[in-house]
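Have a look at the structure below before the remarks.
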Amino acid sequence: MPEISRFMPPATGRAWPPFAISVRHGPTLYVSGIGPMGPDGVPKDDFAAQFAIVLGHLQRALEEGGSDMRNILKANVLLTRAGDVAEMNRLYAEAFPADALPARTTCVVAALPVPEFLLEIECIAAVY
């Protein structure tokens, strides 16, 4: 049976809910939903700024788990405002190599656990 590795939040970071940032099982990495919590909090009502923070956190989680953006197999994007879908698609297309777009589900939800979050992204990635 393949080894399971759990990548936890840093001990010196802010208080986190009880979950691993990501879990690697064999050649697959499962990344938990990542929100836009920046060093100065959450940029209020600025979707592009929040997307950039999420992307940076996502890239670090992938690297820590042995993967990268090109190896994402499936992404789930949660948005709290339907009006952000077009901008999300534009920013998403800039973030992912055109020849390595993952499968994706996008949902507009009533709320996320942190009320200021406008989005959250989770994914499953291959590890090589």
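Label zone of residue 86 (point 7 Å out along Cα→Cβ, amide N under 20 Å): in the range 36-53 this covers 45-52. The overall shape of the range 37-79, judged from the alpha-carbon gyration tensor, is oblate: a/c is not under 1.5, and a/b is no greater than b/c.
Could you tell me which of 42, 96, 121 has its Cα farthest along the dipole of the chain towards the positive end, charges placed at Cβ (Lys, Arg +1; Asp, Glu -1), taken about the Cα centre? Of the candidates, 121 comes out farthest on the positive side. Compared with the direct C-alpha span, the chain from residue 1 to residue 128 gains 44.0 nm at full extension, assuming 0.36 nm per residue. Placing unit charges on the Cβ atoms of the charged side chains and taking the dipole of the chain about its Cα centre, the candidate lying farthest along the positive direction among 33, 72, 5 is 5. Residues 128, 92, ordered by accessible area of protein heavy atoms at a 1.4 angstrom probe radius and largest first, appear as 128, 92.
Under the criterion of Cα pairs below 8 Å and six or more residues apart, the relative contact order for the chain equals 33 percent. Rounded, prolate or oblate, given the Cα gyration tensor of the range 45-124, with a/c below 1.5 counting as rounded? Prolate, because a/c is 1.5 or more and a/b exceeds b/c.
Each Lys and Arg adds +1 at its Cβ and each Asp and Glu adds -1 at its Cβ; summed about the Cα centre, the chain shows a dipole of about 260 debye. Could you run the Debye sum over the Cα atoms of the range 14-90, one equal point scatterer each and no solvent, and tell me log10 of I(q)/I(0) at q = 0.15, 0.24 Å⁻¹, two decimals? So the normalised log intensities work out to -0.59, -1.27.
The values are calculated or read from the model by the stated rules, or taken from the named source; none is laboratory data. Here the structure is a predicted model, which means the values were calculated and not measured. Quick reminder, even Gly has a Cβ in these numbers, built from the backbone with ideal geometry, and neighbours come from all protein chains shown. Quick note on the areas: whole protein, heavy atoms, side chains included, nothing else; ligands and nucleic acids left out. Shrake-Rupley method; radii C 1.70, N 1.55, O 1.52, S 1.80 Å.
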